Amino acid sequence: MIPDIYSPATDRYDNGMAYRCCGRSGILLPAISLGLWHNFGDVNPLANSLAMAHYAFDHGITHFDLANNYGPSYGSAEETFGQIMKKSFLPYRDELFISTKAGHDMWRGPYGEWGSRKHLMASLDQSLKRMNLDYVDIFYSHRYDPDTPLEETLQTLVDIVRQGKALYVGISKYPKDKAEFAYRYLEERDVHCLLYQGRYNLFNREPEQEGILRQAQDNGTGFIAFSPLAQGLLTDRYLNGIPEGSRMSHNAFLKKDTLTPATLQRIKALNAVAARRGQTLAEMALAWLLKDEAVTSVIVGASSVAQLADNLKAIGNTAFTQEELEEINNI
Ligand SMILES: NC(=O)c1ccc[n+]([C@@H]2O[C@H](COP(=O)([O-])OP(=O)(O)OC[C@H]3O[C@@H](n4cnc5c(N)ncnc54)[C@H](OP(=O)(O)O)[C@@H]3O)[C@@H](O)[C@H]2O)c1
């Protein structure tokens, strides 16, 4: 049977999604964005990836976050997204804000990773082909490269914008002093750094503790949080063991030894606070990040439409009492 042509929900901008201004820029991003690091590779059923992408867009998620090596296999999440573009999203390209990144290992040999001009230029060209796009909305340097002069990496970002292959640029996981240098270098060339992408969640508060969140805010750069659910730890996923098919059961990125008795105890205590707030733990974990206006958006991952639907409910209540915040801080 020929599948129906996708027609997005007509109320996609009226059913609760909040949009936040991305630093000092004209860009609004949805409070919740969808990341394609996992569950969109060629090992995953296309039907599920497609269903999640449709559900996201139907509910006001306009921002999809990718990188060259998301999969597995490397490149296949971008290929899947390219298929989704072709099948469904092409007429809505101007309603979408699509990112990609380069810097982590992607292909063999000396030009297959890190921050050289050679790697970044070639990688972005490959990404555009895989995704069936003429340009991305934002291109990131995925990680700071200690062995390439930072000027080389940053000038490449500037040139990518000048070439029209990306509308905006961003940096991911840069140490604070390198971020400061990057903000200044880009600004001096009239390319404002739109976003800093960093790991931030209830279990990892480094952006707050190291001052990276405020630094971005002071620079007029948005902050977008990745792994906001600590890859699933900050949900009900592992409350009663390690379920078959979960990220921890099959993926090297979330190791079983992270679920120590002490961590499980913290998860249970946080779950109890969430229940009192009338939220799932996933909803509360996202709401906790979104309580701070300096957080432009949180990039969630999901393996099912049901998880995505749960995560979207977080937007309904992002206010915390002082007592709740203190209790959470003491867990
Ligand atoms: N810049 C960088 O270096 C970098 C690094 C990592 C990630 N990222 C970006 O951030 C995105 C998100 O990262 P992440 O996947 O680690 O995010 P996450 O949201 O912390 O974790 C996602 C995982 O949590 C579980 N989950 C999600 N919602 C749930 C719910 N409501 N109830 C129960 N379980 C739930 C699912 O695990 P199961 O699969 O077990 O169901 C899902 O795959 C990535 O896709 C990528 O775009 C960027």
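Scanning the stretch 1-60 for residues that are loosely packed, with under 15 Cβ neighbours inside 10 Å and within 14 Å of the ligand (Cβ to nearest atom) returns 43, 45.
When the stretch 274-312 is filtered for residues that are more than 9 Å from the ligand (Cβ to nearest atom) and in a helix (DSSP H, G or I), the ones remaining, listed by number, are 274, 275, 276, 284, 287, 288, 289, 290, 305, 312. Note on the stretch 195-215: among residues that are within 14 Å of the ligand (Cβ to nearest atom) and of a type in the set (A, V, I, L, M), the one that is surrounded by the most Cβ atoms within 10 Å (Cβ to Cβ) is 195. Note on the stretch 300-331: residues that are of a type in the set (A, V, I, L, M) and surrounded by fewer than 22 Cβ atoms within 10 Å (Cβ to Cβ) amount to 9. Applying a threshold of 6 Å to beta carbon distances and a minimum spacing of six or more residues, or different chains, the list of pairs starting in the stretch 309-331 at a residue that is within 23 Å of residue 265 (Cβ to Cβ) and ending at one that is among the basic types (Lys, Arg) reads 320/291; 331/266. Against the test of being touching a residue at least 24 places away in the same chain (Cβ under 8 Å), hydroxyl-bearing (Ser, Thr, Tyr), outside any helix (DSSP H, G or I) and farther than 14 Å from residue 194 by Cα, the options 144, 140, 168 yield a single qualifying residue, 144. Taking the listed residues 116, 123, 127, 99, the one that is out of contact with any helix residue (DSSP H, G or I) (no Cβ under 6 Å at 6 or more places or on another chain), within 26 Å of residue 31 (Cα to Cα), modelled with pLDDT of 95 or more and not basic (Lys, Arg) is 99, with no other qualifying.
When the stretch 24-47 is filtered for residues that are assigned to a loop (DSSP other than H, G, I, E, B) and either under 15 Å from the mean Cα position of the chain (by Cα) or under 25 Å from residue 316 (Cβ atoms) (or both), the ones remaining, listed by number, are 27, 31, 36, 37, 38, 39, 40. Return only the number of the condition from (1) charged (D, E, K, R); (2) within 16 Å of the ligand (Cβ to nearest atom); (3) in a helix (DSSP H, G or I) that residue 177 does not satisfy. It fails just one condition, (2). Among the residues of the stretch 216-233, those identified as among the small types (Gly, Ala, Ser) and either within 10 Å of the ligand (Cβ to nearest atom) or surrounded by fewer than 22 Cβ atoms within 10 Å (Cβ to Cβ) (or both) are 220, 225, 227, 230, 232.
The values are calculated or read from the model by the stated rules, or taken from the named source; none is laboratory data. From a predicted model like this one, the values you see are computed outputs, not experimental measurements. Neighbour counts are summed over all protein chains in view; Cβ atoms, including those assigned to glycine, are modelled from backbone coordinates with ideal geometry.
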